1. Would you please list the contacts, defined by Cβ atoms under 6 Å and residues six or more apart or on different chains, that run from a residue in segment 10-34 that is on the phi < 0 side of the Ramachandran plot to a residue that is assigned to a loop (DSSP other than H, G, I, E, B) and surrounded by 14 or more Cβ atoms within 10 Å (Cβ to Cβ)?
2. Scan segment 55-67 residue by residue and report those that are assigned to a loop (DSSP other than H, G, I, E, B) and in contact with a Phe, Trp or Tyr (Cβ under 6 Å, 6 or more places away or on another chain).
3. Would you be able to tell me the number of residues in segment 51-92 that are free of Cβ contacts under 8 Å to residues at least 12 places away in the same chain and either among the acidic types (D, E) or buried (at least 20 other Cβ atoms within 10 Å of the Cβ) (or both)?
4. Of all residues in segment 104-118, which are assigned to a helix (DSSP H, G or I) and either of a type in the set (G, A, S) or crowded, with 18+ Cβ neighbours inside 10 Å (or both)?
5. Could you please give the count of residues in segment 174-186 that are surrounded by fewer than 14 Cβ atoms within 10 Å (Cβ to Cβ), touching a residue at least 60 places away in the same chain (Cβ under 8 Å) and in a helix (DSSP H, G or I)?
6. Go over the candidates N171, N167 one by one and state the one that is surrounded by fewer than 15 Cβ atoms within 10 Å (Cβ to Cβ) and part of a loop (DSSP other than H, G, I, E, B).
7. Could you please let me know if F141 is within 21 Å of F59 (Cβ to Cβ), aromatic (F, W, Y) and open to solvent by less than 80 Å² (accessible area, probe 1.4 Å)?
8. Taking D46 and the conditions (1) closer than 28 Å to T151 by Cα; (2) touching a residue at least 24 places away in the same chain (Cβ under 8 Å), which numbered condition does it fall short on, given that it satisfies the others?
Amino acid sequence: MNLFLDFDGVIVNTIKAVVGLYNEDYCFYDNFEFINWFDITTWDFDELFLSKRCQYRYFNQPRFFQNLEFMEAETKEVIQTLSEKYTVKIVTIGSSPNITGKKLWLKSNLELNINNNIEFIPIDSYKFKDKSHIDMTNSIFIDDVSKNLKTSNATHKICFGEIYDWNRNWNGIRCSSWYDIKRMLL
């Protein structure tokens, strides 16, 4: 059976990386106020007072990927254990530089391509706005965005992580941690 995993917000803590860059870049400006990553509740990082252009730049910079961390300490171990039972497919949306950075990050941090049961499926954000064109028949799909889950044809869908504006309307199965995923799928 295939297990499809989202990258941002499921495997890695993208919010923490973006907020870290913001705090680093703006800490010497007048009226700067430090932001904690866990205080972000909006899809567009409204709490950071960044333009869309600045946000886009963050997601495409090498230093963004240098700041990325797994969602939790056990994330890597759980994914590697799951790859013994499932064919793991990491499916993610992004621009060309973002996709390149994600692939390099996965190669460095998850040994992508060393284990034949982990595959990377990039989706061009200029061509597709969700993951509905990926055939997930008879598969499990874990994402933190309810729109991606709702438009998927996956047999089993799991919303991961905290409740945010982008997944508040999900009424299906939720897992708040990688420990929950491990318990559910192993």
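The values are calculated or read from the model by the stated rules, or taken from the named source; none is laboratory data. Just so it is clear, the model here is predicted, and its values are computed rather than measured. Glycine gets a Cβ as well: all are built from the backbone with ideal geometry, and neighbour counts include every protein chain shown. In case anyone asks, the SASA skips ligands and DNA or RNA and just uses the protein heavy atoms, side chains included. Shrake-Rupley method; radii C 1.70, N 1.55, O 1.52, S 1.80 Å.
1. Going by the 6 Å Cβ cut-off, the qualifying pairs are V10/D144; V12/L68; N13/E69; N13/M71; I15/I40; A17/L68; V19/I35.
2. Those that are assigned to a loop (DSSP other than H, G, I, E, B) and in contact with a Phe, Trp or Tyr (Cβ under 6 Å, 6 or more places away or on another chain): none in segment 55-67.
3. Within segment 51-92, residues that are free of Cβ contacts under 8 Å to residues at least 12 places away in the same chain and either among the acidic types (D, E) or buried (at least 20 other Cβ atoms within 10 Å of the Cβ) (or both) number 1.
4. Within segment 104-118, W105, L106, S108 qualify.
5. So the count comes out to 1.
6. N171
7. On the way: within 21 Å of F59 (Cβ to Cβ): no; aromatic (F, W, Y): yes; open to solvent by less than 80 Å² (accessible area, probe 1.4 Å): yes.
So F141 fails the test.
8. Condition not satisfied by D46: (2).
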